[in-house]
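Novice: Sharing a structure below in structure tokens format, with a few things to ask.
The values are calculated or read from the model by the stated rules, or taken from the named source; none is laboratory data. Not measured: the values here are computed from a predicted model. FYI the Cβ positions are ideal-geometry reconstructions off the backbone, even for glycines, and counts take in every protein chain you see. Surface areas here come from the heavy atoms of the whole protein model, side chains and all, with no ligands, DNA or RNA. Shrake-Rupley method; radii C 1.70, N 1.55, O 1.52, S 1.80 Å.
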Amino acid sequence: MDNQNKQDQKEKLPGENIPKKSPGGSLGYWIYLIFIFFILFSIFNKPGTNAREISWLEFEQNMLSEGDVAKIVVVNKEVAEIFIKEEKLGNPKYQDLSKTVVPSGVGPHYMLHIGSVDSFESKMDQAQKDFPQEERVEIKYENRTNWLRDFAWLLPLVLIFLFWMFLLRGFTKGGGMGGSMFNFGKSTAKLMDNTTKSSVTFKDVAGLREAKIEVEEIVNFLKNPEEYTRLGAKIPKGILLVGPTGTGKTLLAKAVAGEAEVPFFSLSGSEFVEMFVGVGASRVRDLFKKAKEIAPSIVFIDEIDAVGRTRSKANSFQANDERENTLNQLLTEMDGFGPNTGVIVLAATNRADILDKALLRPGRFDRHIYLELPDKKEREEIFEVHLRPLKLSEEVDVDQLASLSPGFSGADIANICNEAALIAARKKKDKIEQTDFMEARDRVVGGLERKSKIISPKEKEIIAHHEAGHAIVSWYLKNVDSLVKVSIIPRGKSLGSAWYLPEEHQIISKSKFLDQICASLGGRAAEEIIFNEVSSGALDDLEKVTKQAYSMVAYYGLGDEVGPMSFYDSTGENERLLGKPYSENMAEKIDKEVQLLITNAYERTKKLLLEHKAELESLGKLLLKKEVVYLEDLESVLGKRLSKI
Ligand code: ADP
Ligand code: ZN
């Protein structure tokens with residue numbers, strides 16, 4: 001029931017809080033207005049809409065032969081508009097016209113579809129052959145643009161376009177990327193220029209000695225490029241920062257920009273990959289365009305693995321196409337600018353192994369800087385950086401803080417310092433004390449203490465013995481880290497926890513793996529021994545154990561049956577394949593081996609606990625009484641721990 005949750009706390013950039021103007025709203029209105037105008041225009045602009053359509057016969061017999069027609073206008077060789085003489089309009093047969101035709105009565109009053117101009121003319125000639133020359137009706141020809149007809153094909157397009165925009169707006173709003181419907185293809189990179197530049201310098205970056213030396217060269221280049229170009233040297237265009245989260249990759253990139261006093265574009269790889277095809281690529285293009293315009297500048301791409309994963313050959317889904325387009329565009333851009341343009345691309349990832357090889361070729365991200373979790377000395381330095389702005393009491397011991405936070409990243413340490421200040425403030429202290437830091441540390445690792453959580457006495461008893469089980473097994477197995485304290489105060493989502501002081505190792509031996517598995521199983525085994533019953537309380541432990549055993553067998557080649565084989569895939573390609581990279585037969589072997597490994601470890605754990613059953617019971621009692629026991633208490637019950645690693 002011990003858990004480790006790390007929090008990745010990001011520092012806010014000063015440029016990030018500036019609210020963006022969104023021109024999207026008014027543009028959207030314009031489009032709707034144009035659309036409505038279009039529709040209204042097409043309705044009202046129909047030529048002769050209010051003229052009644054009549055047949056040739058009606059026209060000839062009732063109007064033409066009566067001499068009522070003033071003139072005829074043939075429009076577009078299709079329709080004849082008929083104008084009735086003004087004086088004839090009083091005639092009862094034209095009564096209905098007054099309702100439909102424009103009040104002035106100018107007309108046209110009727111319209112007639114003619115077959116063709118030729119036949120219409122001959123029909124007219126025929127009908128008027130008895131008329132004297134001056135009474136013949138004049139025929140005019142006109143060409144008018146019929147907006148509706150000529151642009152009707154546009155209408156569906158406009159509709160589709162509007163619908164599309166509507167969708168996009170929804171998405172961009174939801175995605176919170178500025179919300180404009182037209183700049184979704186624009187880069188969302190945040191620019192920090194000299195004026196809004198955060199004053200991050202190398203002083204704010206503690207530890208990371210080698211990395212700093214590497215990036216100092218870049219700063220030098222950005223400051224005086226001539227020094228290098230004079231000798232014909234090429235400065236790398238792309239630098240990859242590789243390391244676990246919170247080790248200060250972003251911080252380092254910012255510090256480079258701060259030291260060199262150049263504009264700094266930062267954006268995360270996942271922002272490139274959007275729903276819409278082509279968006280990622282156009283964002284890349286836009287980003288580099290901006291960066292080149294104000295070169296020298298630094299482009300920082302966080303989480304580059306989101307775009308830079310190996311392009312797969314065996315990709316059965318279309319879903320990754322967009323990512324590949326984006327990656328290709330990124331490669332093109334990086335090839336496209338000369339080595340001395342003054343744009344330097346820094347990218348961060350925690351997995352360099354899954355990156356596409358094309359990204360790592362010369363001229364692209366050919367330089368790699370590895371950042372690792374800080375060692376004790378470096379942790380001390382990082383503490384010092386973050387303690388600088390705090391009001392500390394005299395007795396705060398940085399050395400102790402550093403040694404009690406193994407495996408912590410820079411971000412964790414920053415988090416502890418901030419938490420400690422909050423805790424001290426809550427207690428209305430004038431200065432932050434060492435205990436505040438210890439409390440903050442526990443809280444960062446294990447979550448909030450929840451003393452008010454209601455736990456029945458019976459449950460409390462189970463939890464106490466469960467934790468005592470972990471403690472005793474760890475005490476007697478020589479490959480388990482030393483215990484610092486055991487607590488049954490609920491914290492975060494766990495009900496109790498055993499706190500260890502992890503040693504810093506690069507490799508783990510098989511016996512250490514096995515001992516760790518036993519220690520994790522100690523809780524469950526203790527429940528079984530003391531209460532003759534097991535509970536759901538071992539979920540976290542069992543999950544951890546199972547994962548560990550699988551990685552032992554399938555990844556590290558530590559299983560006897562499977563032998564020295566590893567199905568680990570450092571390229572990340574298999575992740576996308578359906579199924580496993582081994583046969584059913586092998587899967588069965590692995591499952592069996594894992595199961596055997598865990599059951600054996602469980603038996604061993606139970607045996608060990610049975611040998612120390614008396615101690616288990618008394619430690620359980622002590623825990624029930626004190627809730628938290630420290631090393632001294634453990635030693636009073638169990639004696640000195642003999643086997644140190
Ligand atoms: P990453 O990008 O590697 O995930 P960040 O650069 O975002 O990590 O680190 C987060 C925060 O942790 C930083 O803003 C800083 O406060 C702190 N931090 C990390 N590493 C260091 C370091 N070496 N020195 C000082 N502070 C650090
Ligand atoms: Zn447990």
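Here is a yes/no grid of residues against (1) buried (at least 19 other Cβ atoms within 10 Å of the Cβ); (2) under 32 Å from the mean Cα position of the chain (by Cα); (3) within 29 Å of residue 347 (Cβ to Cβ); (4) within 14 Å of ligand 1 (Cβ to nearest atom):
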| position | (1), (2), (3), (4) |
| --- | --- |
| 360 | no, yes, yes, no |
| 369 | yes, yes, yes, yes |
| 377 | no, no, yes, yes |
| 390 | no, no, no, yes |
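Novice: Given the conditions (1) farther than 30 Å from residue 237 by Cα; (2) part of a helix (DSSP H, G or I); (3) within 14 Å of ligand 1 (Cβ to nearest atom), report the number of the one that residue 405 does not fulfil.
Specialist: The single condition residue 405 does not satisfy is (2).
Novice: Return the only residue of 522, 496 being in the same structural domain as residue 560 (by TED's automatic domain parsing) and within 27 Å of residue 560 (Cβ to Cβ).
Specialist: Numbers: 496 fails: within 27 Å of residue 560 (Cβ to Cβ).
Being in the same structural domain as residue 560 (by TED's automatic domain parsing) and within 27 Å of residue 560 (Cβ to Cβ) holds for just one of 522, 496, which is 522.
Novice: Now, a different point. Can you name the condition, by its number, that residue 468 falls short on among (1) modelled with pLDDT of 85 or more; (2) out of contact with any strand residue (DSSP E or B) (no Cβ under 9 Å at 6 or more places or on another chain); (3) within 15 Å of ligand 2 (Cβ to nearest atom)?
Specialist: Here residue 468 meets the rest and fails (2).
Novice: Then there's this: Inside the stretch 105-164, can you point out the residues that are aromatic (Phe, Trp, Tyr), under 30 Å from residue 33 (Cα atoms) and modelled with pLDDT of 80 or more?
Specialist: Taking the stretch 105-164 and keeping what is aromatic (Phe, Trp, Tyr), we get 110, 120, 131, 141, 147, 151, 153, 161, 163-164.
So of that shortlist, the ones also under 30 Å from residue 33 (Cα atoms) come out as 147, 151, 153, 161, 163-164.
Within the stretch 105-164, 161, 163, 164 qualify.
Novice: Take the conditions at pLDDT below 95, in the same structural domain as residue 482 (by TED's automatic domain parsing) and not in a helix (DSSP H, G or I) and apply them to residue 622. Does it pass? So that I can check it myself, show each step before the final result.
Specialist: On the way: at pLDDT below 95: yes; in the same structural domain as residue 482 (by TED's automatic domain parsing): yes; not in a helix (DSSP H, G or I): no.
Considered against the rule, which asks whether it is at pLDDT below 95, in the same structural domain as residue 482 (by TED's automatic domain parsing) and not in a helix (DSSP H, G or I), residue 622 comes out as no.
Novice: For the condition under 30 Å from residue 529 (Cα atoms) and either β-branched (Val, Ile, Thr) or buried (at least 19 other Cβ atoms within 10 Å of the Cβ) (or both), what is the one hit in 411, 468, 421?
Specialist: Details: 411 fails: under 30 Å from residue 529 (Cα atoms); 421 fails: under 30 Å from residue 529 (Cα atoms).
Just one listed residue meets the conditions, 468.
Novice: Where the second residue is open to solvent by 50 Å² or more (accessible area, probe 1.4 Å) and the first is outside any helix (DSSP H, G or I) and lies in the stretch 452-479, which pairs have Cβ atoms under 6 Å and are six or more apart or on separate chains?
Specialist: 479/511
Novice: Has the stretch 499-518 got at least one residue that is closer than 26 Å to residue 618 by Cβ and of a type in the set (Gly, Ala, Ser)? Steps first, answer last, please.
Specialist: Residues of the stretch 499-518 that are closer than 26 Å to residue 618 by Cβ, as a first pass: 499-501, 515-518.
Pick out the ones that are also of a type in the set (Gly, Ala, Ser) and you get none.
No, the stretch 499-518 contains no residue that is closer than 26 Å to residue 618 by Cβ and of a type in the set (Gly, Ala, Ser).
Novice: For the stretch 492-529, give me each residue that is away from ligand 2 (no atom under 14 Å from the Cβ) and outside any loop (DSSP other than H, G, I, E, B). Talk me through it step by step, then tell me what you get.
Specialist: Pass one, the stretch 492-529, residues away from ligand 2 (no atom under 14 Å from the Cβ): 501-515, 529.
Within the stretch 492-529, 501, 510, 511, 512, 513, 514, 515, 529 meet the criteria.
Novice: Give 553, 534, 562 a once-over and let me know the one that is of a type in the set (Val, Ile, Thr), within 16 Å of ligand 2 (Cβ to nearest atom) and either open to solvent by 50 Å² or more (accessible area, probe 1.4 Å) or in the same structural domain as residue 611 (by TED's automatic domain parsing) (or both).
Specialist: Working: 553 fails: within 16 Å of ligand 2 (Cβ to nearest atom); 562 fails: within 16 Å of ligand 2 (Cβ to nearest atom).
When all the criteria are applied, what remains is 534.
Novice: Considering the stretch 601-621 alone, what residues qualify as being hydrophobic (A, V, I, L, M, F, W, C) and open to solvent by 40 Å² or more (accessible area, probe 1.4 Å)? So that I can check it myself, show each step before the final result.
Specialist: Kept after step one, since they are hydrophobic (A, V, I, L, M, F, W, C), are these residues of the stretch 601-621: 601, 608-610, 614, 616, 619.
Matches in the stretch 601-621: 610, 614.
Novice: Quick one: how many residues across the stretch 223-243 are in a strand (DSSP E or B) and small (Gly, Ala, Ser)?
Specialist: Here is the first cut: in the stretch 223-243, the residues in a strand (DSSP E or B) are 238-242.
Going one step further and asking which of them are small (Gly, Ala, Ser), we end up with 238.
Of the residues in the stretch 223-243, 1 are in a strand (DSSP E or B) and small (Gly, Ala, Ser).
Novice: When you go through 279, 262 one by one, which is the residue that is open to solvent by less than 10 Å² (accessible area, probe 1.4 Å) and more than 20 Å from the chain's Cα centre (by Cα)? Give the derivation first.
Specialist: On the way: 279 fails: more than 20 Å from the chain's Cα centre (by Cα).
From the options 279, 262, the qualifying one is 262.
Novice: I've got another one for you. Among the helices (runs of 4 or more DSSP H) confined wholly to the stretch 290-397, which include 2 or more residues that are at pLDDT 85 or above?
Specialist: Values: elements: 305-308, 321-336, 376-387.
The helices (runs of 4 or more DSSP H) meeting that bar are 376-387.
Novice: Additional query: Pairs only if they're at least six apart or on different chains, beta carbon under 8 angstrom, first in the stretch 537-553 and closer than 19 Å to residue 490 by Cβ and part of a helix (DSSP H, G or I), second at pLDDT below 95 and within 16 Å of ligand 1 (Cβ to nearest atom); list them, first residue then second.
Specialist: none
Novice: Turning to a different aspect of this structure: Just a yes or no: is a residue in the stretch 259-275 within 16 Å of ligand 1 (Cβ to nearest atom), in a loop (DSSP other than H, G, I, E, B), in contact with an Asp or Glu (Cβ under 8 Å, 6 or more places away or on another chain) and of a type outside the set (S, T, N, Q)? Let's see the steps before the verdict.
Specialist: Here is the first cut: in the stretch 259-275, the residues within 16 Å of ligand 1 (Cβ to nearest atom) are 259, 264-271.
Within this subset, residues satisfying the condition of being in a loop (DSSP other than H, G, I, E, B) are none.
Checked against the condition, which is being within 16 Å of ligand 1 (Cβ to nearest atom), in a loop (DSSP other than H, G, I, E, B), in contact with an Asp or Glu (Cβ under 8 Å, 6 or more places away or on another chain) and of a type outside the set (S, T, N, Q), the stretch 259-275 yields no hits at all.
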